[in-house]
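The values are calculated or read from the model by the stated rules, or taken from the named source; none is laboratory data. Note that the coordinates shown come from a computational prediction; the quantities given were computed from them, not determined experimentally. Using ideal geometry, Cβ is built from the backbone for each residue, glycine included, and neighbour counts are taken over all protein chains shown.
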Amino acid sequence: MGIVHIFVRATEEELTRAIADPTNFEGTSGRPPDEMADLDKALPDIQELLVAADIKVDLELGGEMIFPYGNDTDFVMVWSVDDVADTAEQLRNVPFDRLATFVDDPDLVDDPDELDYLKEYYEDMVGFFVAAAEARAGAFMITT
């Protein structure tokens, strides 16, 4: 088991409603796949690589926590339109191959499948942020 992170694109109106009344949050229900980025359990390793590469993006604690979700260990962070745009700007020109040069975890170095796993989730996440920024959207980050 482990912690799973999912980003979900949101309009400013959806963000405002959820902040005002968390019961308005609908999670991933009814969302098309292109409006989400499921990072599975890859976020901590991706964050570690971003820090090592001196990329100023905090995926784990970015945004603003608004409420627990589901149970006591799950929560939702709200990423404003500006948060999403700033993150997209920081990540859009950082190919995974640049981050991979900072890998020092023996499990990742010795297993190309593990590195491919991180690359796939990183590239999906970057695509999510770029598309959301172009749509002038914010995001929810669900941690479960």
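Just give me the residues in region 98-108 being surrounded by 12 or more Cβ atoms within 10 Å (Cβ to Cβ), touching a helix residue (DSSP H, G or I) at 6+ places or on another chain (Cβ under 8 Å) and either modelled with pLDDT of 95 or more or part of a helix (DSSP H, G or I) (or both), in sequence order.
Matches in region 98-108: LEU99, ALA100, LEU108.
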When only residues in region 52-97 that are modelled with pLDDT under 95 and in a helix (DSSP H, G or I) count, which is surrounded by the fewest Cβ atoms within 10 Å (Cβ to Cβ)?
ASP97
Restricting the search to region 12-37, which residues are surrounded by 10 or more Cβ atoms within 10 Å (Cβ to Cβ) and under 24 Å from TYR121 (Cα atoms)?
GLU26, GLY27, THR28, ARG31, ASP34, GLU35, MET36, ALA37
Taking ILE3 as meeting all but one of (1) over 13 Å from the mean Cα position of the chain (by Cα); (2) modelled with pLDDT under 95; (3) not in a strand (DSSP E or B), write down the number of the exception.
(1)
For ALA37, are the conditions met, namely being aliphatic (A, V, I, L, M) and at pLDDT 90 or above?
yes
